[in-house]
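> Okay, here's the structure, questions in a sec.
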Amino acid sequence: MASRQVLLLAAAAITVAFLSVPASAVVYMVGDEAGWTLDYPATWTDGKTFRVGDTLMFMYPVGSHTVLEVRADDYKACNVGHPINSWSSGSDSVMLDKAGSRWFVCSLPDHCGLGMQLTINVVG
Ligand SMILES: [Cu+2]
């Protein structure tokens, strides 16, 4: 009997946990089907509204690219020497956990200059 009550409580707690996740949270595949590549289209962000709680997924063959989060001035200059964060798993999940602008580049030689740059504005 007691174990049945524990199970019911656990089920209720799980339900509440799911309900508290914003229904609007979106997982964005950067570059869509093409992924995070040299052909990544600069227009990919057009028409998208990124919100706190959404996630960016960067997909690429391991070793072919990386993902660095950088500051605005390093973004503009393609300076990869002082990243805020870096990822290289080939399946990198980046949570948009706060409002504001964020800047991402690939760290491989010339890739940033060839267009592997992504800047987004996250709204609360
Ligand atoms: Cu690259």
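> Taking every DSSP beta bridge with both residues inside region 24-123, roughly what % is antiparallel (nearest 5)?
Given both bridge residues lie in region 24-123, the antiparallel proportion sits at roughly 75 percent.
> Could you give each residue of region 29-38 its phi-based ³J(HN,Hα) in whole Hz, using Karplus coefficients 6.51, -1.76, 1.60 with θ = phi - 60°, and x for Gly or Pro?
Values, residue by residue: 8, 4, x, 6, 4, 5, x, 8, 9, 5 Hz.
> List the residues, sorted by chain then number, that are 5 or more residues from Met29 or on another chain and whose placed amide H is less than 5 Å from its amide H.
HN-HN under 5 Å from Met29: Met57.
> Would you mind estimating how fast region 24-123 diffuses translationally, via Stokes-Einstein at 25 °C and 0.890 mPa s with the Kirkwood radius over Cα pairs, in µm²/s?
Roughly 183 µm²/s, to the nearest whole number.
Readers should treat all values here as calculations from the given coordinates under stated rules, not as data from a laboratory. No experiment lies behind these values; they were computed from the predicted model shown.
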